[in-house]
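The values are calculated or read from the model by the stated rules, or taken from the named source; none is laboratory data. Everything numeric in this text was worked out from a predicted model, so none of it was measured. Heads up, the Cβs are rebuilt from the backbone with ideal geometry, glycines too, and the neighbour counts pull from every protein chain shown. Heavy atoms of the whole protein, side chains included, go into the accessibility calculation; ligands, DNA and RNA do not. Shrake-Rupley method; radii C 1.70, N 1.55, O 1.52, S 1.80 Å.
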Amino acid sequence: MKFGADFDALIGRFSAPSDIPIALAVSGGGDSLALLHLTADWAAQNQRSLLVLTVDHGLRAGARAEADLVKQIAVKRGLEHRILKWSHPRKSQNVARKARYQLLGQACQAAGARSLLTGHTLDDVVETAFIRRRRNVRGGAEIGPVLAAPLPAWPAGRGIALVRPLLQATRADLRGLLSARACVWAEDPSNLQAEYERVRVRQFLLRHPTLSRTASQYVQAAQIRRAGLDRELAAQLKQVQVVPDGLIHVPDRICSAKLLRLLASCASGSDQAPRADAVRRMIAHLDTPGRRQTLGGAWFQRVRSGYKIGRDPGTKMLTEAEGLFDGRFAVAESRAEPVAAGAGFLVRHATPPAGAWTEIISDRIAHMTLCFETPWYCPIEAN
């Protein structure tokens, strides 16, 4: 049976220094516990330290027991383990997902980890493709999750890659591995609750195994195509320029809706991207140099050479916290304030207070580039 992608290549890409830990998000389910064991095998052979993180979301009575199960298994394997408690639980999958990545990002930052591994499988990708196609999503966007992506929490996820090495493994394979090793795992009862769309799709695929196999073949081919599209996006990101005052310059030849969505997040200092259809409408609207429009917390201006993108200062109060200003600037001990007097319209209302600051938008774009150009590593055989 084939399991994870090439751990050596993936870890070397995102966490090359051997003295920094590699973080794993482990819930106690079969997928994430299989990830724990496979990664622990690799780490023992390569003298790397692991940090196992479990989020106790507090939404179910058994959540703490599952976290304690993970801790017991991690300690038995000689691994450091931390339980992250969600202080304000809400019964919303979307809210819970955002809170989970926020907590995981903060824990990675505190530990100095540059990559967070999760146990997403081929089954997850197939289910996501079904859900997105039902919503009329087509092309590369229907395939997700991908092998590597920036952690979707900003600025908590700054510089941290979300890595999914098990995307070519199935749940059945991973549970087979655990059973062969006499390992226990927890089953989340929400995986049986039909009010969730993903559960309904999962149950439908179980009832139609032939369709499920066909869908898996389709998704595996689509994953390779998606990786190619992401490499094209990475090549576009390399052509984007950011000046010291935080203004983003985009050449006209690469102004795709997908690229501008990403840059809107960078310009707004957030992890929220505008809808793709809204970006396409904006591109059509900004058909003349000089035209401007706000979208997704960013301010776009059409110029002869392409676009200038700045912060929309009217969306919320700009704040300074944890050494960052508005998710776009960082304190610089020995550098001058980056914004000169008489800054242009797109930045003069969205710049840091007096002091030594440096923009981190270009670093964020560089990290996106590193993630998107990740090669599609072939699966490896488990020992």
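Taking segment 157-187 as the search range and keeping residues that are among the small types (Gly, Ala, Ser), under 22 Å from Leu103 (Cβ atoms) and open to solvent by less than 10 Å² (accessible area, probe 1.4 Å), which one is nearest to the chain's Cα centre (by Cα)?
Just the residues of segment 157-187 that are among the small types (Gly, Ala, Ser), to begin with: 157, 159, 161, 169, 172, 176, 179-180, 182, 186.
With under 22 Å from Leu103 (Cβ atoms) added as a condition, the list becomes 157, 159, 161, 186.
So of that shortlist, the ones also open to solvent by less than 10 Å² (accessible area, probe 1.4 Å) come out as 157, 161.
On the way: Gly157: 8, Ala161: 7 Å.
In this case the residue turns out to be Ala161.
Which residue is nearest to Leu166 (Cα to Cα), if the candidates are limited to segment 39-54 and must be open to solvent by less than 20 Å² (accessible area, probe 1.4 Å) and touching a residue at least 40 places away in the same chain (Cβ under 8 Å)?
The residue in question is Thr39.
Against the condition at pLDDT 90 or above and either under 21 Å from Arg158 (Cβ atoms) or not aliphatic (A, V, I, L, M) (or both), how does Arg231 come out, does it pass? Let's see the steps before the verdict.
Details: at pLDDT 90 or above: yes; either under 21 Å from Arg158 (Cβ atoms) or not aliphatic (A, V, I, L, M) (or both): yes.
So Arg231 passes the test.
Scan segment 240-256 residue by residue and report those that are open to solvent by 20 Å² or more (accessible area, probe 1.4 Å) and of a type in the set (Gly, Ala, Ser).
Within segment 240-256, just Ser256 meets the criteria.
Residues in segment 41-50 that are in a helix (DSSP H, G or I) and within 21 Å of Gln109 (Cα to Cα): how many? Walk me through how you get there before you give the answer.
Narrowing segment 41-50 to residues in a helix (DSSP H, G or I): 41-46.
From the residues that got through so far, the ones that are within 21 Å of Gln109 (Cα to Cα) too are 43.
Summing the residues that are in a helix (DSSP H, G or I) and within 21 Å of Gln109 (Cα to Cα) in segment 41-50 gives 1.
When residues of segment 277-321 are filtered for being within 14 Å of Trp357 (Cβ to Cβ) and either among the charged types (D, E, K, R) or loosely packed, with under 14 Cβ neighbours inside 10 Å (or both), how many remain? Show your work before the answer.
Of all residues in segment 277-321, those within 14 Å of Trp357 (Cβ to Cβ) come to 311, 318-321.
Still in the running and either among the charged types (D, E, K, R) or loosely packed, with under 14 Cβ neighbours inside 10 Å (or both): 311, 319-321.
So the answer is 4.
Could you check segment 33-59 and list, in sequence order, the residues that are in contact with a helix residue (DSSP H, G or I) (Cβ under 9 Å, 6 or more places away or on another chain) and among the small types (Gly, Ala, Ser)?
Ala34, Ala40, Ala43, Ser49, Gly58 - these are the residues of segment 33-59 that are in contact with a helix residue (DSSP H, G or I) (Cβ under 9 Å, 6 or more places away or on another chain) and among the small types (Gly, Ala, Ser).
Being in contact with a Pro (Cβ under 8 Å, 6 or more places away or on another chain) and not in a helix (DSSP H, G or I) is the filter here; which residues of segment 204-239 pass it? It would help to see each step written out before you state the result.
We begin by selecting, within segment 204-239, every residue in contact with a Pro (Cβ under 8 Å, 6 or more places away or on another chain); these are 227, 239.
Correct list: Gln239 only.
Answer yes or no as to whether Arg82 is in a strand (DSSP E or B), over 21 Å from Arg198 (Cβ atoms) and either open to solvent by 30 Å² or more (accessible area, probe 1.4 Å) or aromatic (Phe, Trp, Tyr) (or both). Working first, answer last.
Values: in a strand (DSSP E or B): yes; over 21 Å from Arg198 (Cβ atoms): yes; either open to solvent by 30 Å² or more (accessible area, probe 1.4 Å) or aromatic (Phe, Trp, Tyr) (or both): yes.
Considered against the rule, which asks whether it is in a strand (DSSP E or B), over 21 Å from Arg198 (Cβ atoms) and either open to solvent by 30 Å² or more (accessible area, probe 1.4 Å) or aromatic (Phe, Trp, Tyr) (or both), Arg82 comes out as yes.
Checking the structure you have, find out if any residue of segment 95-102 is in a loop (DSSP other than H, G, I, E, B) and without any contact (Cβ under 8 Å) to a residue 60 or more places away in the chain. Write out each step before concluding.
Here is the first cut: in segment 95-102, the ones in a loop (DSSP other than H, G, I, E, B) are none.
No.
Residues that are surrounded by 15 or more Cβ atoms within 10 Å (Cβ to Cβ) and within 21 Å of the chain's Cα centre (by Cα): does segment 56-68 have at least one?
yes
Against the definition (within 22 Å of Glu373 (Cα to Cα), part of a loop (DSSP other than H, G, I, E, B) and either open to solvent by less than 10 Å² (accessible area, probe 1.4 Å) or not aliphatic (A, V, I, L, M) (or both)), how does Asp271 come out, yes or no? Walk me through how you get there before you give the answer.
Values: within 22 Å of Glu373 (Cα to Cα): yes; part of a loop (DSSP other than H, G, I, E, B): yes; either open to solvent by less than 10 Å² (accessible area, probe 1.4 Å) or not aliphatic (A, V, I, L, M) (or both): yes.
Considered against the rule, which asks whether it is within 22 Å of Glu373 (Cα to Cα), part of a loop (DSSP other than H, G, I, E, B) and either open to solvent by less than 10 Å² (accessible area, probe 1.4 Å) or not aliphatic (A, V, I, L, M) (or both), Asp271 comes out as yes.
In segment 283-333, what residues are in contact (Cβ under 8 Å) with a residue 60 or more places away in the chain and either among the β-branched types (Val, Ile, Thr) or touching a helix residue (DSSP H, G or I) at 6+ places or on another chain (Cβ under 7 Å) (or both)?
The answer is Ile309, Gly310, Arg311, Arg328.
Exactly one of (1) more than 20 Å from the chain's Cα centre (by Cα); (2) in a helix (DSSP H, G or I) is unmet by Ser18. Its number?
Against the list (1) more than 20 Å from the chain's Cα centre (by Cα); (2) in a helix (DSSP H, G or I), Ser18 comes up short only on (2).
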